[in-house]
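Q: Pasting a structure here, questions to come.
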Amino acid sequence: MDSDLARYELHVHGLVQGVGFRYFVYREAVDLGLKGFVKNLYSGEVFIIAEGKIYQLEELFNKVRIGPAHAHVRNVNLQVSSHKNEFKRFEIRY
């Protein structure tokens, strides 16, 4: 395994549904060259799995903590694990 690759799983809490949050994450992740997905959860959270280089993942994490203009991010739970090379691209899941 390449030591500069990782997998981030993020649970984003706050006003993060109905404000374009998934599309914001999608655009940022694609621009950074990450692979994985973003989806809304029934609990009102947004869930993200992203894989790529650690510096790219850190940049996404920092952007997610702020979110798009109409979002209000209260908390982001982050779990870091080994890169699994499970995805071919980044996508929005429904």
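Just so it is clear, none of the values below were taken in a lab; they were calculated from the coordinates. All figures in this text were calculated on a predicted structure; none of them were measured in a lab. Quick reminder, even Gly has a Cβ in these numbers, built from the backbone with ideal geometry, and neighbours come from all protein chains shown.
Q: Starting from residues that are of a type in the set (Lys, Arg) and in contact with a strand residue (DSSP E or B) (Cβ under 7 Å, 6 or more places away or on another chain), keep the ones in the stretch 44-87 and report whichever is farthest from ALA6 (Cα to Cα).
A: ARG74
Q: What is the residue count in the stretch 60-86 for residues that are surrounded by fewer than 17 Cβ atoms within 10 Å (Cβ to Cβ) and either touching a Leu at 6+ places or on another chain (Cβ under 9 Å) or assigned to a strand (DSSP E or B) (or both)?
A: Just the residues of the stretch 60-86 that are surrounded by fewer than 17 Cβ atoms within 10 Å (Cβ to Cβ), to begin with: 61-62, 65-66, 69-70, 72, 74-75, 77-82, 84-86.
Narrowing the set further to residues that are either touching a Leu at 6+ places or on another chain (Cβ under 9 Å) or assigned to a strand (DSSP E or B) (or both) leaves 61, 70, 72, 74-75, 77-82, 85.
Selection size over the stretch 60-86: 12.
Q: Additional query: With (1) under 9 Å from the mean Cα position of the chain (by Cα); (2) without any contact (Cβ under 8 Å) to a residue 60 or more places away in the chain as the list, and ASP31 as the residue in question, which single condition is left unmet?
A: With (1) under 9 Å from the mean Cα position of the chain (by Cα); (2) without any contact (Cβ under 8 Å) to a residue 60 or more places away in the chain applied to ASP31, the lone miss is (1).
Q: Given the conditions (1) among the hydrophobic types (A, V, I, L, M, F, W, C); (2) without any contact (Cβ under 8 Å) to a residue 40 or more places away in the chain; (3) touching a helix residue (DSSP H, G or I) at 6+ places or on another chain (Cβ under 9 Å), report the number of the one that VAL73 does not fulfil.
A: Checking VAL73 against (1) among the hydrophobic types (A, V, I, L, M, F, W, C); (2) without any contact (Cβ under 8 Å) to a residue 40 or more places away in the chain; (3) touching a helix residue (DSSP H, G or I) at 6+ places or on another chain (Cβ under 9 Å), the one that fails is (2).
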